[in-house]
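The values are calculated or read from the model by the stated rules, or taken from the named source; none is laboratory data. This is a predicted model, so every value here is computed, not measured. All Cβ positions, even for glycine, are placed from backbone atoms using ideal geometry, and neighbour counts span all protein chains on display. SASA here: full protein model, heavy atoms, side chains in, ligands and nucleic acids out. Shrake-Rupley method; radii C 1.70, N 1.55, O 1.52, S 1.80 Å.
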Amino acid sequence: MSLKLFNTLSRSLEPFEPLDPTGRSVGMYCCGPTVYDFGHIGNFRTFVFSDLVRRTLEFRGFTVRHVMNITDVEDKILRRLRETGLSLREYTGKYEKAFLEDLVELNCRMPHHLPRATEFMPQMIDLVGKLLKRGIAYQTPDGSVWFSITQYQGCGCRYGQLVKLNFDEMRAGERVSGDEYDKESAADFGLWKARVPDDGSVFWPSPWGDGRPGWHLECSAMSTALLGPSFDLHLGGEDLAFPHHEDEIAQSEGALEYPPGKRFVKYWLHAAHLLVEGKKMSKSLGNFFTLRDLRAKGYSGREIRQLLLSAHYRETFNFTLEGLDGARSALSRIDECVAKLRGLATSQTGSADVDVLARFTEAMDDDLNVSKAWGVVFDWVRDQNRLLAIGGMTSSMAATATATWDRLDEVLGLGRRLEDPTPSDAMALLDARTAAKKARDFARADAIRNELKEMGWMVEDTATGPKLKRV
Ligand code: AMP
Ligand code: ZN
């Protein structure tokens, strides 16, 4: 079976076949964060989803070139600059750094390129120039440049590929200048925004005068500059499909004049939104969580990742703290099992169980069907636990099992639990065992040893006294 993904462009499941004629290399672009604040748990649902896509492709043997932009000039950022009086770089640098730390906390593989919009001005200006030359863009007297949907359609191009639009309601030449705007109506959008006093010192020179790029333009320029005019995968949250991604298609396909059969992007993947307690996250509702808020509540990045990976990416996901507690216990079931297997395998190496991998791969091949994949994982955990409980796990079987888990975890990315500190109750039991031995109460000493074993600890009598080791 081959990997199938749901392409928003065709609204159907399609077999994944890369553009690379050798079938090996894959170009993948994910719209990155607007660095105006700390990333919230909804943003990270989308970024963990893109990490899952990348890991699944790498697991399947593809070589992925992963690009994620950093939107460091945009309306919301400019508003914050006016409020704080900070320079653009001072302001965005803080949130960019925090974002990258959060990605590490969630064990996301770092994108190979993290282009900042402000560092791609020549490429953006070049795209605008091409659109003007083809008559698809026009300039207004203030020096702004707009994308003309009517002219674009007049060139035989289609606007409205990712969503169905009602063009009867569209008033030709109607313009939207903001980066955040009505998600329903198709209107000419700003490619280059002429400098206004509110922009302060945030502007760049261009052939049309000082100004700054529109948000959509940033992604067209950075993706094609780093991945070439045509690439395989473009990802983002569902809110980006329109108008952001539709406008990216229009700008790129309008400017780059693709030969027949060539496109800007082959597969568009969108992750559904995350709700909190069934509602859209908002600061006023008090249901707004950044990753850092959850960390401050004592949850680890691994537990949050486990939760975010528990639902299929195209399902709206309802985040609750109870759900996060559930993810914590699911993860600790895996951790306990894997720790025991590693303890038994000691230094033996084994090769992964091909049947388990085949079942897991089949699940993920079905448009990243994580529910099925978790089914495979937890059946496997249950089987290992059964064998461990009856003492039927040899060290070579444990080595096979740990190798299997390591392969599964290449996709899941849960990583290893930091070796727990020796809990105080286990230490207290160890002292009680030492006292029992001293009193020559060997039955009691053995009973304590067994109790410790059940808790996942082995007692080793060493020259310097008894020590605890993870089973
Ligand atoms: P932004 O920083 O606002 O540009 O958003 C970064 C990414 O997070 C985009 O791909 C958005 O689609 C995505 N996103 C924003 N809000 C949510 C949410 N509630 N659930 C899932 N993804 C979201
Ligand atoms: Zn984008």
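Some values worked out for this structure:
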| quantity | calculated |
| --- | --- |
| Single residue of the stretch 28-45 satisfying the filter (near ligand 1 (Cβ under 8 Å from one of its atoms) and either in contact with a Gly (Cβ under 6 Å, 6 or more places away or on another chain) or of a type in the set (Ser, Thr, Tyr) (or both)) that is nearest to residue 249 (Cα to Cα) | 31 |
| Members of the stretch 229-240 that are away from ligand 2 (no atom under 11 Å from the Cβ) and closer than 22 Å to residue 64 by Cβ | 229, 230, 231, 232, 233 |
| Some residue of the stretch 63-71 being away from ligand 2 (no atom under 16 Å from the Cβ) and not hydroxyl-bearing (Ser, Thr, Tyr) | yes |
| The listed residue being under 30 Å from residue 371 (Cβ atoms) and within 16 Å of ligand 2 (Cβ to nearest atom), out of 16, 49 | 49 |
| Selected residue [over 30 Å from residue 357 (Cβ atoms) and within 16 Å of ligand 2 (Cβ to nearest atom)] from 86, 100, 114, 78 | 114 |
| Selection status of residue 235, among the aliphatic types (A, V, I, L, M) and either within 16 Å of ligand 1 (Cβ to nearest atom) or free of Cβ contacts under 8 Å to residues at least 40 places away in the same chain (or both) | yes |
| Pairs where the first residue, in the stretch 296-315, is assigned by TED's automatic domain parsing to the domain that holds residue 13 and open to solvent by less than 30 Å² (accessible area, probe 1.4 Å) and the second is of a type in the set (Lys, Arg) and modelled with pLDDT of 95 or more, C-beta under 7 Å, 6+ apart | none |
